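Novice: Quick one: this structure, given as structure tokens, is what I'll be asking you about.
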Amino acid sequence: MNMTDPVADMITRIRNAVRAKMPRVDIPLSKLKAEIARILRDEGYIANYKVTEDAKQGRLRVYLKYGPGMERVITDLQRVSRPGCRIYCGKDQIPRVFGGLGINVLSTSRGVMTGRSAAREGVGGEILFNVW
């Protein structure tokens with residue numbers, strides 16, 4: 001399967017798994033995706049993640065998180081910057097997601113980080129996606 005946008009594939013897999021109330025989802029591994037999973041865990045959107053090396057590419061297993069009555073923690077994920085249309089923002093133009101209820105994930109010169117920490121560090125970058 002030829003994939004032009006692995007990040008979109010990752011967030012689509014997570015979105016579909018959350019809607020189907022799956023306990024976990026497996027995603028082909030890359031450094032960027034592992035960083036994204038780390039941010040989602042640190043921000044409380046997923047329970048945890050595990051990196052499994054295998055003979056080929058490796059797997060990123062994301063353990064999804066739900067409320068006590070199986071309410072979804074992640075309402076939606078939305079890809080912002082796509083390979084065909086990259087969206088960049090300066091350190092002063094980082095948009096708020098859902099009135100501050102969500103986060104955006106940026107790829108900056110200092111690595112992958114949330115919009116909030118990018119503003120704090122004073123760096124802009126490519127807005128990968130929003131999550132709320």
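Bear in mind that the values in this text are calculations on the coordinates, not laboratory data. Since the structure is predicted, the reported quantities are computational estimates derived from the model, not experimental observations. When we count neighbours, we look across all protein chains shown, and the Cβ atoms used for this are built from the backbone with ideal geometry, even at glycine.
Novice: Place a point 7 Å from Cα of Glu121 in the direction of its Cβ. Which residues in the stretch 56-94 have their backbone N less than 13 Å from it?
Specialist: Backbone N within reach: 91.
Novice: As an exercise, identify the GluC sites (Glu not before Pro) in the stretch 1-84 lying in DSSP coil whose Cβ has no more than 11 other Cβ atoms within 10 Å.
Specialist: Those satisfying the criteria are Glu53, Glu71.
Novice: Which of rounded, prolate or oblate describes the stretch 77-131 when judged by the alpha-carbon gyration tensor and an a/c cut-off of 1.5?
Specialist: Oblate.
Novice: State the number of lysine pairs found in the stretch 6-64 whose Cα atoms come within less than 18 Å, restricting to pairs 8 or more positions apart or on distinct chains.
Specialist: For the stretch 6-64, the number of qualifying lysine pairs is 4.
Novice: As an exercise, use a Förster radius of 35 Å and the Cβ-Cβ distance of Lys56 and Thr108 to find the FRET efficiency, rounded to the nearest 0.05.
Specialist: Details: r = 30 Å, r/R0 = 0.84.
About 0.75, to the nearest 0.05.
Novice: Work out, in µm²/s and without decimals, the Stokes-Einstein translational diffusion coefficient of the chain at 25 °C, 0.890 mPa s, Rh from Kirkwood over C-alpha pairs.
Specialist: The diffusion coefficient I find is 162 µm²/s.
Novice: At a Cα cut-off below 20 Å, give the aspartates and glutamates reachable from Lys65, other chains included and same-chain residues fewer than 8 away excluded.
Specialist: By straight Cα distance, Lys65 reaches Asp9, Asp26, Glu35, Asp42, Glu43, Asp76.
Novice: Along the charge dipole of the chain, pointing to its positive end and built from +1/-1 on Cβ of Lys, Arg, Asp and Glu, which listed residue (Ala20, Asn130, Thr52) has its Cα farthest out?
Specialist: Going by the charge dipole, the pick is Ala20.
Novice: Additional query: Starting from the Cα gyration tensor of the stretch 32-92, take the square roots of the eigenvalues, sort them a ≥ b ≥ c, and report rounded, prolate or oblate (rounded when a/c is under 1.5, otherwise prolate if a/b is larger than b/c, else oblate).
Specialist: Values: a/c = 2.15, a/b = 1.15, b/c = 1.88.
Oblate shape, in that a/c is at least 1.5 and b/c is the bigger or equal ratio.
Novice: What FRET efficiency, computed as 1/(1 + (r/R0)^6) with R0 = 25 Å and r the Cβ-Cβ distance, is obtained for Lys21 and Asp42, rounded to the nearest 0.05?
Specialist: Numbers: r = 23 Å, r/R0 = 0.93.
Calculated value: 0.60.
Novice: Please list, short to long, the whole-number percent of alpha-carbon pairs of the stretch 6-64 in consecutive 10 angstrom bins beginning at zero.
Specialist: 25, 61, 14, 0
Novice: Can I ask one more? Evaluate the relative contact order of the chain (contact order divided by residue number), counting alpha-carbon pairs under 8 angstrom at least 6 apart; express in whole percent.
Specialist: Computed over the chain, the figure is 23 percent.
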